[in-house]
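K.L.:
Please see the structure below; I have some questions.
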Amino acid sequence: MIHFLALDLHGLVGRRMRLLAVAAMLIFFGIDMGPAFAIPLAAVACVLIASDLFLMDERGRLDILYATLPVGRTTVVLGRYTTVLLEFLVAAVIGNTVAMLDVDFGRAPLGPGMLVMMNVVGFVIVAVGLAVQLPAFFALGYTKARFVGLVPPVVIAVAGLSVGRKADILQGLAAIVRGRGVSVPLEAAAVAGCVIVLAASVLAARALYVRRRL
Amino acid sequence: MGYAVNEKTSATPLALRAEGLTVRAGDFLLDAVDVEVPTGYVVGMVGPNGAGKTTTIKAILGMVGRSSGFVELFGEPASRQAARNAQIGVVLDRPFFSPDWRVASVGTRVGRFYPTWDADRFAGLLREFRLPARTSVGALSRGQGMRLSFAVALCHDPRLLILDEPTGGLDPVARAELVEGLREFMVDENHSVLFSTHITSDLDGLADFIQVLDGGHSTYRGTLDDLHAQFALVQGVGDPGRDALRAVLGLRRARDRFEGMIRVADSHLFGRDAELSAATTDDIVVHLVRAGHDNEKGL
């Protein structure tokens, strides 16, 4: 799988302009909305750009290439999920960095509870978003599945905007987090749930990709 | 039309054996097609567009699901893609590399998957094929893209090359270069080639065996020499008789003239007025396909 991962990550170099644009968007919104929001926004950005890999597959007929290489389709699926999760890790590092830098610019410091919760929220966004998107892309390819791929980002954006407009909800949430500190069982349960969702998504994607006509 | 490739090569192990390949794709049915490629030989697969050549090759490569049939490579079931693909090189009708990749980087990206990848040979082939190393794949001409695909297919030292319509859309020079490259590949007696094309002249002097596909069926399998020895073109004036006309494959009549193709064994059915001539591979494929269509129409 390491060879496929290297090939996939190599492809990210070709997307550097888009990644830079997404990073700039993160910084902008992070500064505008509050430092903690840079973290889930990084996750949203990750979900938004996940389809790029499948777009590149389609442009270069890379699914055909994968089918001629000495790697199985299971390896392709596992490698692609790993690539996207590595993207999320990078995005999370950027998001956390932006959040920290923003705090340094004179805002209220982020407590550990808020920081952990925002990272967990980010992971939930990525896990749910990818769990819906990736099986569709593996089953149908970019062109046919691109509208399915848009569903998670749109739902997340609408939900985010709805919540974001209700300042009292955010303040209440922040107060809860500040008040209770880090709730390890809750966050651990959320992370475990996401891992299960992602594992189910991998299995579904594999089953669909194995049956796909190339 | 039955034929056993092994009649000529009974002691030769098979590089590829596919039996009963059946694939349903919408209205199209690839119907129990058998393919055999003896080690050390070139098999040409010919037929009109939509005959099932690409589907057969995709079924062999596992790119489409089969409803029945099996594939063996070098005597082993080719069920595991990783093991199967390590031994074969594939060239399809268009390159399958990202248009953003530079030509030289294709070797780096693809080569890491093969322990036997020869980077020096890849660099040498780029020079030999006059491919600009720093140009992106998307900027290559059709002929250059095909040469790049061919170079990539060769550099992990495959034992079997599978090519699907590689010469379609190429100019005569590029086609000749590709055929010459295949001849060089076949210098090693352990190498084998399965080559689908609708440009049958590419197979003359290259293919040892030929398989004709039409409408998802295999209509002929045999040696190229047998193919030429077995069929002849016929044309004449008047009515040669019912038995003679029945023997004509792809019969066409205009006024009092008739023409078509016959088995040489049936030539005694025709009188002196009928004119027989040698059939090219193209002629034979056209008439076999035409005969199949006539049968479907009940003619």
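The values are calculated or read from the model by the stated rules, or taken from the named source; none is laboratory data. Only a predicted model underlies this, so the values are computations on that prediction, with no experimental measurement involved. As a convention, Cβ positions derive from the backbone with ideal geometry for all residues, glycine included, and neighbour counts pool all protein chains shown.
K.L.:
Scan (1) at positive phi; (2) away from chain A (no Cβ under 13 Å) for the single condition B:Gly62 breaks and write down its number.
P.N.:
Checking B:Gly62 against (1) at positive phi; (2) away from chain A (no Cβ under 13 Å), the one that fails is (2).
K.L.:
Looking at A:Val71, A:Val76, A:Val126, A:Val98, which is the one that is outside any helix (DSSP H, G or I), among the hydrophobic types (A, V, I, L, M, F, W, C) and buried (at least 20 other Cβ atoms within 10 Å of the Cβ)?
P.N.:
Of A:Val71, A:Val76, A:Val126, A:Val98, the one residue that is outside any helix (DSSP H, G or I), among the hydrophobic types (A, V, I, L, M, F, W, C) and buried (at least 20 other Cβ atoms within 10 Å of the Cβ) is A:Val71.
K.L.:
So, one more: Please enumerate the residues belonging to the range B:67-80 that are in contact with a helix residue (DSSP H, G or I) (Cβ under 7 Å, 6 or more places away or on another chain) and at pLDDT below 90.
P.N.:
Matches in the range B:67-80: B:Ala78 only.
K.L.:
Just need a number here: residues in the range A:29-64 that are hydrophobic (A, V, I, L, M, F, W, C) and at the interface with chain B (Cβ under 9 Å from one of its Cβ atoms).
P.N.:
3
K.L.:
So which residues in the range B:92-114 are more than 9 Å from chain A (Cβ to nearest Cβ) and within 19 Å of A:Val71 (Cβ to Cβ)?
P.N.:
B:Val106, B:Gly107, B:Gly111 - these are the residues of the range B:92-114 that are more than 9 Å from chain A (Cβ to nearest Cβ) and within 19 Å of A:Val71 (Cβ to Cβ).
K.L.:
Please count how many residues of the range B:17-59 are surrounded by fewer than 19 Cβ atoms within 10 Å (Cβ to Cβ), of a type in the set (A, V, I, L, M, F, W, C) and on the phi < 0 side of the Ramachandran plot.
P.N.:
3
K.L.:
Would it be correct to say that B:Ser149 is outside any strand (DSSP E or B), within 9 Å of chain A (Cβ to nearest Cβ), within 22 Å of A:Leu62 (Cβ to Cβ) and among the polar types (S, T, N, Q)?
P.N.:
Against the criterion (outside any strand (DSSP E or B), within 9 Å of chain A (Cβ to nearest Cβ), within 22 Å of A:Leu62 (Cβ to Cβ) and among the polar types (S, T, N, Q)), B:Ser149 does not qualify.
K.L.:
While we're looking at this one, here's another question. Among the residues that make up the range A:65-82, is at least one of them away from chain B (no Cβ under 14 Å), within 25 Å of B:Ser149 (Cβ to Cβ) and modelled with pLDDT of 90 or more?
P.N.:
yes
K.L.:
Of a type in the set (Ser, Thr, Tyr) and at pLDDT below 85, is that true of B:Ser218?
P.N.:
no
K.L.:
Just name the residue that is surrounded by the fewest Cβ atoms within 10 Å (Cβ to Cβ) out of those in the range B:271-299 that are closer than 22 Å to B:His198 by Cβ, of a type in the set (S, T, N, Q) and in contact (Cβ under 8 Å) with a residue 12 or more places away in the chain.
P.N.:
Result: B:Thr280.
Rundown of residues vs (1) part of a loop (DSSP other than H, G, I, E, B); (2) touching a His at 6+ places or on another chain (Cβ under 7 Å); (3) away from chain A (no Cβ under 14 Å); (4) at pLDDT 90 or above, yes/no style:
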{"residue": "B:Gly138", "(1), (2), (3), (4)": "no, no, no, yes"}
{"residue": "B:Gln144", "(1), (2), (3), (4)": "no, no, yes, yes"}
{"residue": "B:Val179", "(1), (2), (3), (4)": "no, no, yes, no"}
{"residue": "B:Leu182", "(1), (2), (3), (4)": "no, no, yes, yes"}
{"residue": "B:Asp188", "(1), (2), (3), (4)": "yes, no, yes, yes"}
{"residue": "B:Gln211", "(1), (2), (3), (4)": "no, no, yes, yes"}
{"residue": "B:Leu227", "(1), (2), (3), (4)": "no, no, yes, no"}
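K.L.:
Go through the residues of the range B:245-266 one by one and say whether even a single one is assigned to a loop (DSSP other than H, G, I, E, B), among the charged types (D, E, K, R) and surrounded by 13 or more Cβ atoms within 10 Å (Cβ to Cβ).
P.N.:
Among the residues of the range B:245-266, not one is assigned to a loop (DSSP other than H, G, I, E, B), among the charged types (D, E, K, R) and surrounded by 13 or more Cβ atoms within 10 Å (Cβ to Cβ), which makes the answer no.
K.L.:
Among the residues of the range A:137-155, which ones are among the aliphatic types (A, V, I, L, M) and closer than 12 Å to A:Ala50 by Cα?
P.N.:
Result: A:Leu150, single match.
K.L.:
Hey, another quick one. Tell me the residue from A:Leu115, A:Leu140, A:Leu150 that is modelled with pLDDT of 90 or more, within 24 Å of A:Glu87 (Cα to Cα) and either touching a Pro at 6+ places or on another chain (Cβ under 9 Å) or surrounded by 12 or more Cβ atoms within 10 Å (Cβ to Cβ) (or both), please.
P.N.:
A:Leu140
K.L.:
So how many residues does the range B:69-88 have that are more than 10 Å from chain A (Cβ to nearest Cβ) and over 22 Å from B:Tyr220 (Cβ atoms)?
P.N.:
9
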